[in-house]
Amino acid sequence: GILQHPDGTVLKQLQPPPRGPREQEFYNKVYDSDCCDSILLELREYLPKYFGVWSPPTAPNDTYLKLEDVTRKFNKPCIMDVKIGQKSYDPYASAEKIQQQVSKYPLMEEIGFLVLGMRVYHVSSDSYETQNQHYGRSLTKETVKDGISKFFHSGYCLRKDVVAASIQKVEKILEWFEGQTQLNFYASSLLFVYEGSCQATTVRLSDVTLAEKRRVPKGLLSGGDVLEYNNNIHVINSTENGKIEASVNKGLSKFYALHKKACSKRHHSQLSLKVENSEQDNVWKSSTCITQEHLNGNVLPQLEKVFYHMPAETKESANVEVRMIDFAHVFPSNTKDEGYIYGLKNLITVLQNILDN
C-alpha cells in the first residue's frame, strides 16, 4: 500500500521486477535534472512530483518511490482512481495474463476506462462513502454515467463545479497525449481529488459584506454562526428555532426567506431559497432544488450545506486535482497512444453528460 513519510510525501513500495524498476526508470527519465525534452517537461504538470527513492533504515533492501501527496492540501479529500485505456495489459503480457485482465472487465476495450475505487465525503452525514474495484467492474455502458456521478455528489446535491473543473483538467491531459508519440501507457490511472467540505467566506451586498456590517471577523456572525460560501449560493446559518434569517439589521432581516416554488415539475415536493433583492434573482434561479424529505428533522439549520451548485462558467473556482499515476507498464513508442486517447475522450464525454444532465 501507500505509506506516509513524516515530511508530508507518500511512499509507494517498488513492485517486483520488471514492473517496479520500469516505473522507477519512468520517473527518473521524466524528472531528470538534465531533461530538456519539452514533451517530458510538460508531462510533469500531470504527475505527482517525484523525490527519488527511499529505504527505511531498518530495511535498506526495501525500496520506495517518494512522491508528492496530492491529497495533502485538502481538508476532506474526495478521491477517485480511474484506470485509462482500452487495454489493461501491456504488449509483452502472456496469453494467460491477457485473459485474466480481459475477464476482470470485458468492457474495458469498448468503454476505455474502469473505476478502480472512490472515497467520497458527504457533507450531510460528515462521513465518507467508499467504493472498491468491484463497484467499478459492476458498471455497464448504461450505468457508468450514474456510477461516476456518485463521486461528485456531496450527499445533498451534485458538485457541478467539480465536474466542470475535472473536465478542464482531463482535456489538458488529452492535449498532451494528442501531441506526443514517445510513450504508450498501459494499466495507468487518473487520480481525481477535490475538496469535499464547505468553504467559509462572506457574501457581498452592494460591495459591503454582511460580516463587515456587523464588525465581526469575516466568515463569522455573532453567537458563533458561520456564513458559509457554497459555490455562489450563500445562506446564513441560524440555529434559533430552526429559522434561517439574517438579523444584520431591520432592512436585511428578511434578506433570506424560505418559500415554496416550482423549481421543477415536481414543485410540490421541493424547496428553494429566494433572495428578495431582485438584483440577486438570476443567481438564485439557478440554485439546486432539494426534495422535501431532506428538510424533515433538524436539517433546516444546516441549509448552508445544501446549496452546493455552481454555474459551469466558473470552472477554475473548484479546488480540484487530476493527476496521472501508476507507471509500471509504460513503454517507448513512435505512434500516438490511441488506447489511452480513446479512454480519455470517452471519460470526458461521460463527465460532460453528467454536467449537462
HIS153 vs (1) of a type outside the set (Gly, Ala, Ser); (2) within 15 Å of the chain's Cα centre (by Cα); (3) open to solvent by less than 50 Å² (accessible area, probe 1.4 Å): all pass except (3)
The residue from ASP81, ASP126 that alone is under 20 Å from LEU351 (Cβ atoms), open to solvent by 20 Å² or more (accessible area, probe 1.4 Å) and within 20 Å of the chain's Cα centre (by Cα) is ASP81
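Among the residues of the stretch 7-29, are any among the acidic types (Asp, Glu) and either open to solvent by 60 Å² or more (accessible area, probe 1.4 Å) or at pLDDT below 95 (or both)?
Yes: one or more hits.
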Residues in the stretch 327-357 that are surrounded by 14 or more Cβ atoms within 10 Å (Cβ to Cβ) and under 16 Å from LEU40 (Cα atoms) total 6
Over the stretch 39-78, the set of residues open to solvent by 80 Å² or more (accessible area, probe 1.4 Å) and either farther than 22 Å from SER166 by Cα or touching a Pro at 6+ places or on another chain (Cβ under 9 Å) (or both) is PHE51, PRO57, THR58, PRO60, ASN61
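The values are calculated or read from the model by the stated rules, or taken from the named source; none is laboratory data. Quick caveat, the model's predicted, so the values are computed rather than measured. Positions of Cβ are backbone-derived with ideal geometry, glycine not excepted, and every protein chain shown enters the neighbour counts. Side chains are part of the model used for accessible areas, which takes the heavy atoms of the whole protein and leaves out ligands, DNA and RNA. Shrake-Rupley method; radii C 1.70, N 1.55, O 1.52, S 1.80 Å.
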